[in-house]
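The values are calculated or read from the model by the stated rules, or taken from the named source; none is laboratory data. Keep in mind the model is a prediction, meaning the values are calculated, not measured. We place every Cβ from the backbone using ideal geometry, glycine too, and count neighbours over all the protein chains shown. Keep in mind that these areas ignore ligands, DNA and RNA; they rest on the heavy atoms of the full protein, side chains included. Shrake-Rupley method; radii C 1.70, N 1.55, O 1.52, S 1.80 Å.
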Amino acid sequence: MNFARELTRKALHLVFAGVPLALAAGATRDVVLGILGGMLAVAVVLEVARGRSAAVATTFTRAVGPLLRPEERDRWTGATWLILVCLAAVWMLPRADAIAVSWAAAVGDASAALVGIPLGGWLIPNTGRGKSVEGSAACFLVTLFGANQLAGLSLGLALVVAAAATAAEWPRSAVDDNVRVGAATTAVLIIARILGP
């Protein structure tokens, strides 16, 4: 996928920065969950319909096909998974943790591509789709900023969250990277809360 198409994909990712920003600004969880729940309902209906109807699949592909990665043509799209990750974080986690997880999935992940594709020169061996040091550094720094400055996590915990998000970006996997980033950062935060200060 060329940079212009990836830029459009990541612009959609960045729309979801509204989730952590709204939570940080004091939006109620019920409002955020209501919006995400409505979005997820529409997305799942579309995903199921295009899986069951060749006509819907053709129309969907005609409308957004250039933005789809090859694996998304016959599986759920990254956008649907991103909505689910954000919804799960807001529903399951304390506000600060939900901010950190949704920021990592929406903005940290997007920054990896936005920096890595045009500027990435040093590729990391054995990573999915040519991950670069530059893209990984962007993911790490942007996630660190959001976890520390926006979510208010301690610097130490924010560093661990940023490392988890960055590492979750690397593998070649059938599991969508939004899910990997969301799961990794959620796991780190749950473990940190269990272990305590």
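Which residues, taken from segment 133-162, are under 16 Å from residue 111 (Cβ atoms), without any contact (Cβ under 8 Å) to a residue 60 or more places away in the chain and open to solvent by less than 20 Å² (accessible area, probe 1.4 Å)? If the condition is that a residue be under 16 Å from residue 111 (Cβ atoms), without any contact (Cβ under 8 Å) to a residue 60 or more places away in the chain and open to solvent by less than 20 Å² (accessible area, probe 1.4 Å), then 135, 136, 138, 139, 143, 147, 158, 162 are the ones that fit. Within segment 53-78, being assigned to a helix (DSSP H, G or I), within 25 Å of residue 173 (Cα to Cα), open to solvent by 30 Å² or more (accessible area, probe 1.4 Å) and of a type in the set (D, E, K, R) holds for 71, 73. Scanning segment 144-196 for residues that are small (Gly, Ala, Ser) and not in a helix (DSSP H, G or I) gives 151, 152, 154, 173, 174, 196. Can you say whether residue 37 is small (Gly, Ala, Ser) and part of a helix (DSSP H, G or I), as far as the supplied structure shows? Yes.
Do we find a residue being open to solvent by 70 Å² or more (accessible area, probe 1.4 Å), modelled with pLDDT under 95 and assigned to a helix (DSSP H, G or I) anywhere in segment 79-87?
Within segment 79-87, the first condition is being open to solvent by 70 Å² or more (accessible area, probe 1.4 Å), and the residues that meet it are 81.
Filter once more, so that each one left must be modelled with pLDDT under 95: 81.
Those left that are additionally assigned to a helix (DSSP H, G or I): 81.
Yes, some residue in segment 79-87 is open to solvent by 70 Å² or more (accessible area, probe 1.4 Å), modelled with pLDDT under 95 and assigned to a helix (DSSP H, G or I).
Scan segment 17-34 for residues that are open to solvent by 70 Å² or more (accessible area, probe 1.4 Å) and either part of a helix (DSSP H, G or I) or in contact (Cβ under 8 Å) with a residue 24 or more places away in the chain (or both) and jot them down. Those that are open to solvent by 70 Å² or more (accessible area, probe 1.4 Å) and either part of a helix (DSSP H, G or I) or in contact (Cβ under 8 Å) with a residue 24 or more places away in the chain (or both): 21, 29, 30, 31.
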